[in-house]
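Below: one structure, written as structure tokens.
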Amino acid sequence: MEVDLARLLADVIAQDTWFLGACYGIGAVGTAINARIDRQFTEPVSAVPITLSAAGRDDPLFGALPERFDAFVGHKEAISELPAGAVLLASSPACPVQGFRVGQHVYATQFHPELDVEGIITRIGTYRHHGYFDPSAHDDLVAMARASDVTHPPELLTRFVELARSGDPESN
């Protein structure tokens, strides 16, 4: 069975269904809402400081995170401009759109909320020979990951599940 991702995301957005897309997910949701996606704001595999916008600090999902935290990234494309109606929730020094919301329940992040240190190290090993970085940088990237203080992003996943399950009118 072939899935039409564009149609699926259009339905998710139209119905304002709880959804969280990470990394590739920001491009998929961004495409569905006609955001400008290009290679202007690429980030190498690294840990970067993420800063919440005022809307992010007030958001039921992102507001559970500290105003500033480190997260793992690594992408060749990014959103360079959100369309009207999308709410910017987070950014980093090199990438202005690290997180946004459409409606009340559709979220997307450029950073990886699912990756802790061991997760990024596994990914570094997996992608070593697939064009994301020079294979000779493997050991340096693993050292960077081990030296990073990336602890808060997984809290976003926990909070997302809590909100999606809650049925609380304030969060739905």
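The values are calculated or read from the model by the stated rules, or taken from the named source; none is laboratory data. Computed from a predicted model, the values in this text were never measured in an experiment. Neighbour counts run over all protein chains shown; Cβ positions are idealised from the backbone, glycine included.
Consider the stretch 95-123 and keep the residues that are crowded, with 18+ Cβ neighbours inside 10 Å and among the charged types (D, E, K, R). The one that is nearest to THR31 (Cα to Cα) is ARG101. On the stretch given as the stretch 65-105, residues that are over 30 Å from GLY131 (Cβ atoms) and at pLDDT 95 or above total 10. Inspect all residues belonging to the stretch 94-107 and state whether any of them is of a type in the set (A, V, I, L, M) and more than 16 Å from GLU43 (Cβ to Cβ). Yes - at least one qualifying residue is present in the stretch 94-107. Look at THR31 and say whether it is over 14 Å from the mean Cα position of the chain (by Cα), outside any loop (DSSP other than H, G, I, E, B) and polar (S, T, N, Q). Against the criterion (over 14 Å from the mean Cα position of the chain (by Cα), outside any loop (DSSP other than H, G, I, E, B) and polar (S, T, N, Q)), THR31 qualifies. Among the candidates ALA22, ALA86, the residue that is hydrophobic (A, V, I, L, M, F, W, C), at negative phi and without any contact (Cβ under 8 Å) to a residue 60 or more places away in the chain is uniquely ALA86.
Condition check ((1) touching a helix residue (DSSP H, G or I) at 6+ places or on another chain (Cβ under 6 Å); (2) surrounded by fewer than 20 Cβ atoms within 10 Å (Cβ to Cβ)) across all residues:
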{"position": "THR31", "(1), (2)": "no, yes"}
{"position": "ALA64", "(1), (2)": "yes, yes"}
{"position": "ASP70", "(1), (2)": "no, yes"}
{"position": "LEU89", "(1), (2)": "yes, no"}
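LEU5: aliphatic (A, V, I, L, M) and either surrounded by 13 or more Cβ atoms within 10 Å (Cβ to Cβ) or modelled with pLDDT of 95 or more (or both), yes or no? Answer is no for this residue.
Looking only at residues in the stretch 59-74 that are touching a residue at least 24 places away in the same chain (Cβ under 8 Å) and in contact with a Pro (Cβ under 9 Å, 6 or more places away or on another chain), the one that is nearest to GLU162 (Cα to Cα) is LEU65.
Matching residues to (1) in contact with a Phe, Trp or Tyr (Cβ under 8 Å, 6 or more places away or on another chain); (2) part of a helix (DSSP H, G or I); (3) polar (S, T, N, Q):
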| residue | (1), (2), (3) |
| --- | --- |
| TYR107 | yes, no, no |
| HIS112 | yes, no, no |
| ILE120 | yes, yes, no |
| TYR132 | no, no, no |
| ASP139 | no, yes, no |
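Filtered by the rule that a residue be under 15 Å from PRO153 (Cβ atoms), in contact with a Leu (Cβ under 9 Å, 6 or more places away or on another chain), free of Cβ contacts under 8 Å to residues at least 60 places away in the same chain and not aliphatic (A, V, I, L, M), the stretch 25-58 gives a lone residue, GLY56.
When you scan the stretch 46-55, do you find a residue that is out of contact with any Ser or Thr (no Cβ under 8 Å at 6 or more places or on another chain), surrounded by fewer than 22 Cβ atoms within 10 Å (Cβ to Cβ) and not small (Gly, Ala, Ser), even just one?
Let us first name the residues in the stretch 46-55 that are out of contact with any Ser or Thr (no Cβ under 8 Å at 6 or more places or on another chain), namely 46, 52, 54-55.
Filter once more, so that each one left must be surrounded by fewer than 22 Cβ atoms within 10 Å (Cβ to Cβ): 46, 54-55.
Cutting the leftovers down to not small (Gly, Ala, Ser) gives us none.
The answer is no; no qualifying residue exists.
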